Structure formats: C-alpha cells, structure tokens
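What follows is one structure encoded as structure tokens, with my remarks underneath.
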Amino acid sequence: MPWVERGLEWGKVCDLGCMVGDSGIERCLRTGVERFLPPLHPGPEPFSDAPVLMDTSFTGQADYTLDAKNRLTVPARYRGALEGGLVLAKDIERCVAIWPSAGYDEFRRAALQDVHPMSQRGRKINAFLSANSNPASLDGAGRVPLQPFLMEHGDLTRDVTVVGVGDHLQIWNREAWAAYNEQLAADIFDISAAFDGPADA
C-alpha cells in the first residue's frame, strides 16, 4: 500500500476512537501535512531526570608559573568543577586554597557546626573563614587572580605548585611545598600506625 494511502487509513482508524487506555494504541506523531505524509515514529523515551554525577575530586600536583598580574591558569582538568563559581581563601597551612563555592560554604558550616557563635572560639573561626576569603570566577582563559593578602599568606612567588587535596586545591610556594611534602611522607607512617589494632588471634 502506498505511503499516502497508509497515512489516510491510519487517520480514519484513529478518528474512530483510538484513545490511550481503550485500545492500547497511541496515535502516532504526524508531520506538518496532516493525512498526506506517513506517520512519524515517536522516537525513544527521554532520559530520566536523574542528575549526572561528575567527579569533582581534586588530586595530584603540578608546577605552574603565575603571570605578571599574579594570575594562575587553573589546570584544565579542574575547571569544570569550578565553573559554577569559586572561593579563594587563606588555608590553615601556609598556602592559598581554591574551593568550589558550594564546597567552601559546606566547609565553613562544618567548622562552626558545634561551636556557639557568641563564644570566643566561634567568633575567631567565623572571622578567619569569612574575612580571609573572596568569591571569584575563572576568566575566558581559565585564569584566576590572586589578591596581595593571599600572596603574602602563602609567601607566593611566580613559581608555585598546585596541589589537589580532595575537596579543594592548594597553591603553594614551590620550595615550601617540597619541604612540606617531604615531612608529610615521614609523618604519614606514624599517623597510619595509630590505626593498628591488636593482632588477630
């Protein structure tokens, strides 16, 4: 049967009462010229609304050089996790932290969770985390400028090492990182020993 005749016959059948739930048949989607072109296949079912998970874990280390305006070109593999906004902050260590905006908010809440806001401890933690951080964003080239107070805190020169520490990045003075990492390797043995329990019988 020619396609035009098939389209006309299908239209007659549907006009007689093809309704979802009665016959189990759904009327197919049509082209713009009703009854004169063959029915269109409705296509596959759309995907569910389940969120697509992206790995935002920051790992590894690499040496970089700041430009003349103290801008860091953020490594390309980290940019996706920072496109929604970021926070530059003094780290507890002598380095500068780069957080995804949501990650820094979560970190700040966790730090203050069990601390009374009027206590001296609570006021100091809140002041340190709030006053020593600034929202920022990547420019078109994936760069972010480091403010003078952050450069001073990390004793940063143009030669830096960018380190991934799980939920955020750290920017270190290159020599300071080498010394810290060497000590870290020595300390980790003693730290891990604390997890040892009694030998199994």
For this session: Tell me, yes or no, whether the stretch 171-186 has at least one residue that is in a loop (DSSP other than H, G, I, E, B), assigned by TED's automatic domain parsing to the domain that holds Ser101 and surrounded by 13 or more Cβ atoms within 10 Å (Cβ to Cβ).
Result: no
Exercise. Consider Asp167 against the criteria (1) surrounded by 10 or more Cβ atoms within 10 Å (Cβ to Cβ); (2) more than 27 Å from the chain's Cα centre (by Cα); (3) acidic (Asp, Glu): it satisfies all of them except one. Which criterion is unmet?
Worked result: (2)
For this session: Mind counting the residues in the stretch 52-82 that are assigned to a loop (DSSP other than H, G, I, E, B) and either in contact (Cβ under 8 Å) with a residue 40 or more places away in the chain or within 9 Å of the chain's Cα centre (by Cα) (or both)?
Result: 12
For this session: Working carefully through the options Val144, Val163, Val115, find the one that is β-branched (Val, Ile, Thr), outside any helix (DSSP H, G or I) and more than 17 Å from Cys95 (Cα to Cα).
Result: Val115
Exercise. Out of all the residues in the stretch 88-110, which are surrounded by 15 or more Cβ atoms within 10 Å (Cβ to Cβ), part of a helix (DSSP H, G or I) and of a type outside the set (Lys, Arg)?
Worked result: Ser101, Gly103, Tyr104, Phe107
Problem set entry | Among (1) surrounded by 13 or more Cβ atoms within 10 Å (Cβ to Cβ); (2) out of contact with any helix residue (DSSP H, G or I) (no Cβ under 7 Å at 6 or more places or on another chain); (3) hydrophobic (A, V, I, L, M, F, W, C); (4) within 20 Å of Asp63 (Cβ to Cβ), the one test that Val160 misses | (2)
Exercise. Over 21 Å from Ile171 (Cβ atoms), without any contact (Cβ under 8 Å) to a residue 60 or more places away in the chain, surrounded by fewer than 17 Cβ atoms within 10 Å (Cβ to Cβ) and touching a helix residue (DSSP H, G or I) at 6+ places or on another chain (Cβ under 7 Å): does that describe Gly85?
Worked result: no
For this session: Considering each residue of the stretch 46-88, count those that are assigned by TED's automatic domain parsing to the domain that holds Leu138 and modelled with pLDDT under 50, and give that number.
Result: 0
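The values are calculated or read from the model by the stated rules, or taken from the named source; none is laboratory data. Note that this is a predicted model, so its numbers are computed, not measured. Methodologically, a virtual Cβ is constructed for each residue, glycine included, from the backbone with ideal geometry; neighbour enumeration extends over all protein chains shown.
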